[in-house]
Amino acid sequence: MTNDQLETMPSDWQRALAVVAHPDDLEYGCAAAVAAWTDAGKEVAYVLATRGEAGIDGLAPATCGPLREQEQRASAAVVGVDTVEFLDHKDGVIEYGIALRRDIAAAIRRHRPELVITLNHRDTWGNTFWNTPDHRAVGRATLDAAADAGNRWIFPELTEQGLEPWNGVRWVAVAGSTSPTHAVDAGPGFERSVRSLLEHQAYIKGLTDEDPEAYVRTFLEANVQRSADRFGGRPAVAFEVFSR
């Protein structure tokens, strides 16, 4: 593990788009950073590949999906995000491929972000903690779609639908990466990140018998402290940043 110091995330941008697989992915990964950005007047939109309908064992997908959508919208609002879209890929069996790349490229063309955010696309979370197929598929497709969105000849049907190419993505920032390069001070947005994750009440209830706030706070505190020694001792949300 490297001890190199993490760079401060670029701040010379106005619009960001976060693309992840499931409700709660951003809240476990980087909501404190999103809160800091919206506080600074930046615009952040969320796009989720699924509604998380397969995520709670005790709830049938037809019941679970709408509930998790509602929780995600409430969670986003806590950190200043008003725009939350769902692509309606099937939870648990998202396929990396042309359809996913096209859907994400279309979202990038709609929102025209300078910064795109996604979640760990690699096989593991480090060591022997295996990542899920959905995370890997969406993360990799997002990295590819950042380029696809700017090329009018890859998905010409998008232009025909009125979505003009957008080649303005300057960075793709991957949260939860085992190889982070940059970070955002987690302090200012931390309490809102706790409240944001707590909005996923049904999911947390199905996940643990622990007191929800104790569970959420313990997890998020450990997460932001993990990078503190590489960010001047400050708790931090870390990202692996790919420049374009």
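Consider the stretch 186-244 and keep the residues that are β-branched (Val, Ile, Thr) and open to solvent by 20 Å² or more (accessible area, probe 1.4 Å). The one that is nearest to the chain's Cα centre (by Cα) is Val241. Residues in the stretch 192-244 that are β-branched (Val, Ile, Thr) and in contact (Cβ under 8 Å) with a residue 24 or more places away in the chain were compared, and the one that is nearest to Gly139 (Cα to Cα) is Val241. Among the residues making up the stretch 35-67, those that are in contact (Cβ under 8 Å) with a residue 60 or more places away in the chain and open to solvent by 60 Å² or more (accessible area, probe 1.4 Å) are Asp39, Asp57, Gly58. For the stretch 149-157, the criterion of being more than 24 Å from Trp125 (Cα to Cα) and charged (D, E, K, R) is met by at least one residue. Taking the conditions exactly as written (under 20 Å from Val224 (Cα atoms) and open to solvent by less than 50 Å² (accessible area, probe 1.4 Å)), does Leu26 satisfy them or not? Yes; evaluated as a whole, the condition is true for this residue. Inspect all residues belonging to the stretch 82-100 and state whether any of them is touching a helix residue (DSSP H, G or I) at 6+ places or on another chain (Cβ under 9 Å), crowded, with 22+ Cβ neighbours inside 10 Å, modelled with pLDDT of 95 or more and closer than 30 Å to Ala40 by Cβ. No, that holds for no residue. Considering the conditions (1) within 17 Å of Arg192 (Cβ to Cβ); (2) out of contact with any helix residue (DSSP H, G or I) (no Cβ under 6 Å at 6 or more places or on another chain); (3) small (Gly, Ala, Ser), Ala60 is excluded by exactly one of them, (1). Would you check which residues across the stretch 101-132 are farther than 28 Å from Leu163 by Cβ and open to solvent by 70 Å² or more (accessible area, probe 1.4 Å) and list them? Matches in the stretch 101-132: Arg122, Trp125, Asn127, Thr128, Phe129, Trp130.
Regarding the stretch 176-183, can at least one residue be identified that is modelled with pLDDT under 95, among the hydroxyl-bearing types (Ser, Thr, Tyr) and over 17 Å from the mean Cα position of the chain (by Cα)? The answer is no, given that none of the residues of the stretch 176-183 is modelled with pLDDT under 95, among the hydroxyl-bearing types (Ser, Thr, Tyr) and over 17 Å from the mean Cα position of the chain (by Cα).
Scanning the stretch 49-83 for residues being part of a helix (DSSP H, G or I) and within 16 Å of the chain's Cα centre (by Cα) gives a total of 10.
The values are calculated or read from the model by the stated rules, or taken from the named source; none is laboratory data. Note that the structure is predicted; figures quoted are calculated from it, not measured. Note that we place each Cβ from the backbone using ideal geometry, even for glycine, and neighbour counts take in every protein chain shown. To get the accessible areas, we keep the full protein, side chains included, count just its heavy atoms, and leave off ligands, DNA and RNA. Shrake-Rupley method; radii C 1.70, N 1.55, O 1.52, S 1.80 Å.
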